[in-house]
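Chemist: Handing you this structure, nothing more for now.
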Amino acid sequence: MLNISPHSLKDKIDTSKYKSFSLFQEIRADKVLKQLLLTFLGLVLVVAFLPWTQNIRGNGHVTALSPSQRPQELNSVIDGRIEAWYVQEGDFVAKGDTIIFIREIKDEYFDPRLLERTQNQIDAKRESLGFYKEKIDALKSQVVAIEENRQLKLNQAKNYLRQAELQIQADSIDYEAAQTNLGIADRQLERQKELYDEGLKSLTDLEKRTSKYQESLAKKISVESKLLSSRNKLLNAKIELNSIYNEYTDKLQKARSSLFETRSMLQNAQAEVVKMENQLTNYQVRFGMYYITAPQDGYITRAVSTGIGENIKAGESLVSIMPAEIDYAVEMYIYPRDLPLFSVGNEVRLIFDGWPSIVFSGWPIITYGTFGGEVVAIDRFISPNGKYRILIAQDPDEPEWPDALRVGGGTNGLALLDTVPVWYEIWRQINGFPPNFYTPENTGNENMKAKDKSDSKEKK
């Protein structure tokens, strides 16, 4: 075999003109490896000092920002039977459109003229109110008349009483005069007897004096009898006065009792009218509930109760409706350890299911396919899944969310926190430290700082 040294060929032939010689040249592996390591180390150092945006990831779903815009179920307020359907699933309904018509199943509402008959009862009861009012007016007039008659009778009886008192006074004076005259006649008769016994007076004179004495005695007895009669009249006048007062007081109390009783009956009748009017209103409202109407513009999504003739109970769900106008939001759930890092106004990047995206969580600038959001509410109690719910609305400074979003669609959120070097983030992850906390610019902390600065300036 011919042994040809490469050094001898290199001296005789120009190997640079032939490509095959370059393929078999000696390669120094240690030099290439050194260059690769230096290059990799340089790249690592450059990447280590690149800015990295810390973030917290959480899953959630699309919802409506306002509770009135979220899916809702229409319920029946009363028991009934489905009579007719006027919509199908997927139909659009405007506010007030009839969705279902139901029939009554309770026997107390079967009467087709129930409202008319109830109204007739109310009219009749109202008419009785007028009768009660007229009776009250009559009783009031009767009470006034009785009071006037009683006063007149009492005044008349008082006059009789006064006349009796004056008559007694007159008879008393006459009685005193009769007693005085009787005493005088008695003394004159005694002197006349003495003179007759002495023979100074005749028997005729004695008899005249005796007759005079008898007349005075008769006068005294007559006046005394008249005085007793006057006193008896006074007692009768007092009795008559009390009798009149008691008689008319009894009549007055009876009239007042009838008046109060009629007023009580009037109040009861008024209460019954109010009760019947309330019942009539309830009937009218109940009859209006036979038609289940749409509370707002929306789409019929699912019929819970189906068929014709199916009985339903009060409060039972009939159909679900999705509002047409929706301000979309995202419910995202985070772990309790991340809750202190969130506040209203935090920026969040959202990834919606069904929209392609390329995500670099630490470099949101080069991320593609995400949408901007802003935290608008944070729950103050933990959810059943052991996480806290935050509500995220569309960021007005970012592009609008897709029109094809639907409530209930899945989302993946990236809450952007502080910006740190990559080496710091790696060190934090290795040591298990939490992300850096920061406060949004529009929160109250910045306002407090600004206020403190202004106060310090004023003090200076």
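Chemist: Checking the structure you have, find out if any residue of the stretch 257-273 is touching a Pro at 6+ places or on another chain (Cβ under 8 Å) and more than 27 Å from Gln121 (Cβ to Cβ).
Modeler: The answer is no; no qualifying residue exists.
Chemist: Restricted to the stretch 232-267, and to residues that are farther than 22 Å from Ile136 by Cα and of a type in the set (Ser, Thr, Tyr), which residue is surrounded by the fewest Cβ atoms within 10 Å (Cβ to Cβ)?
Modeler: Ser243
Chemist: Okay, moving on. For the stretch 194-230, which positions are open to solvent by 90 Å² or more (accessible area, probe 1.4 Å) and assigned to a helix (DSSP H, G or I)? Give the steps one after another, and end with the answer.
Modeler: Step one: of the stretch 194-230, the residues open to solvent by 90 Å² or more (accessible area, probe 1.4 Å) are 194, 197-198, 200, 207-208, 212, 214-215, 219, 221, 226, 228.
Glu194, Asp197, Glu198, Glu207, Lys208, Lys212, Gln214, Glu215, Lys219, Ile221, Lys226, Leu228, listed by residue number.
Chemist: Something else: Which residue, of Lys233, Lys254, Lys238, is closer than 30 Å to Glu134 by Cα, modelled with pLDDT of 85 or more and assigned to a helix (DSSP H, G or I)?
Modeler: Exactly one of Lys233, Lys254, Lys238 is closer than 30 Å to Glu134 by Cα, modelled with pLDDT of 85 or more and assigned to a helix (DSSP H, G or I), namely Lys254.
Chemist: Filter the stretch 195-240 for residues that are basic (Lys, Arg) and more than 30 Å from Tyr160 (Cβ to Cβ) and give the result.
Modeler: Residues satisfying the conditions are Lys201, Lys208, Arg209, Lys212.
Chemist: Taking the condition of being among the acidic types (Asp, Glu) and open to solvent by less than 90 Å² (accessible area, probe 1.4 Å), how many residues in the stretch 117-136 meet it?
Modeler: So the answer is 1.
Chemist: Continuing with this model, one more query. Could you list all residues from the stretch 408-434 that are in a loop (DSSP other than H, G, I, E, B) and either in contact with a helix residue (DSSP H, G or I) (Cβ under 9 Å, 6 or more places away or on another chain) or at pLDDT below 85 (or both)? Let's see the steps before the verdict.
Modeler: Taking the stretch 408-434 as the starting set, the residues that turn out to be in a loop (DSSP other than H, G, I, E, B) are 408-409, 432-434.
Across the stretch 408-434, the qualifying residues are Gly432, Phe433, Pro434.
Chemist: Please go through the stretch 374-406 and give me each residue that is among the small types (Gly, Ala, Ser) and either modelled with pLDDT of 90 or more or open to solvent by 30 Å² or more (accessible area, probe 1.4 Å) (or both), ordered by number. Outline the logic, then answer.
Modeler: Quick first cut of the stretch 374-406, residues among the small types (Gly, Ala, Ser) only: 377, 383, 386, 393, 404.
Once the filter is applied, which keeps residues that are among the small types (Gly, Ala, Ser) and either modelled with pLDDT of 90 or more or open to solvent by 30 Å² or more (accessible area, probe 1.4 Å) (or both), the stretch 374-406 yields Ala377, Gly386, Ala393, Ala404.
Chemist: Also: Restrict the check to the stretch 268-278 and report whether at least one residue is in a helix (DSSP H, G or I), surrounded by 15 or more Cβ atoms within 10 Å (Cβ to Cβ) and more than 29 Å from the chain's Cα centre (by Cα).
Modeler: Yes, that holds for at least one residue.
Chemist: Let me ask something else about it. So, of the residues in the stretch 303-337 that are touching a residue at least 40 places away in the same chain (Cβ under 8 Å) and β-branched (Val, Ile, Thr), which turns out to be nearest to Ile56 (Cα to Cα)? Steps first, please.
Modeler: If we filter the stretch 303-337 for residues that are touching a residue at least 40 places away in the same chain (Cβ under 8 Å), which is where we start, we get 303-305, 307-337.
When the remaining residues are screened for being β-branched (Val, Ile, Thr), the result is 304, 308, 312, 319, 321, 326, 330, 334.
Working: Val304: 39, Ile308: 52, Ile312: 48, Val319: 39, Ile321: 35, Ile326: 27, Val330: 15, Ile334: 8 Å.
The residue in question is Ile334.
The values are calculated or read from the model by the stated rules, or taken from the named source; none is laboratory data. Because the structure is predicted, anything quoted here is derived from the model rather than measured. So basically every Cβ, Gly included, is an ideal-geometry build from the backbone, and we count neighbours across all protein chains shown. Note: accessible area is taken over every heavy atom of the protein model, side chains too, but ligands, DNA and RNA are not part of it. Shrake-Rupley method; radii C 1.70, N 1.55, O 1.52, S 1.80 Å.
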